[in-house]
Amino acid sequence: MSKIAWAILCAVVMMAPALSQAEESKAPVSPPPPAQGAPSWELSCHDKALTGSGPGFKSSQEESEDAAIKDWLDKARAVYSDADWKKTKEPKMECVKQGLYSKCFATAIPCGTTKASAP
């Protein structure tokens with residue numbers, strides 16, 4: 001082994017403890033703050049999940065997802081008049097494809113602050 005290679009190897013070995021101490025002294029990374037929404041104490045949630053799918057198959061998965069959410073919102077707003085897809089518990093989007101077409105199913109427990117009045 002050449003003198004230069006030996007010197008580099010020794011330098012790396014000697015610096016290893018300093019590098020590990022530098023890694024340990026870094027501040028821990030904190031998770032991002034939660035999304036802003038209504039405070040949880042204001043929200044109440046329905047006792048069961050609702051599913052929306054929209055009519056038929058769409059030529060775009062994005063259109064199919066939008067149709068499923070719109071259908072879900074119609075059902076959810078019958079429970080909470082201020083229901084929103086973003087204020088849900090356990091949201092799930094499942095899509096099936098048939099050739100170039102897709103159909104999606106939006107399932108979630110609706111939450112809101114204002115109960116819908118009985119029809």
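The values are calculated or read from the model by the stated rules, or taken from the named source; none is laboratory data. These numbers come from a predicted model, not from an experiment. Glycine gets a Cβ as well: all are built from the backbone with ideal geometry, and neighbour counts include every protein chain shown.
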Quiz item: In region 83-103, how many residues are under 27 Å from S59 (Cα atoms) and more than 17 Å from the chain's Cα centre (by Cα)?
Solution: 8
Self-check item: Residue that is modelled with the lowest pLDDT [pool: residues in region 37-58 that are exposed (fewer than 12 other Cβ atoms within 10 Å of the Cβ) and under 19 Å from K86 (Cβ atoms)]
Solution: P39
Quiz item: Which of the residues that make up region 59-91 are loosely packed, with under 13 Cβ neighbours inside 10 Å and touching a residue at least 40 places away in the same chain (Cβ under 8 Å)?
Solution: S59, S60, K86, K89, E90
Quiz prompt | Failed condition for P33, given (1) within 16 Å of the chain's Cα centre (by Cα); (2) at pLDDT 85 or above | solution = (2)
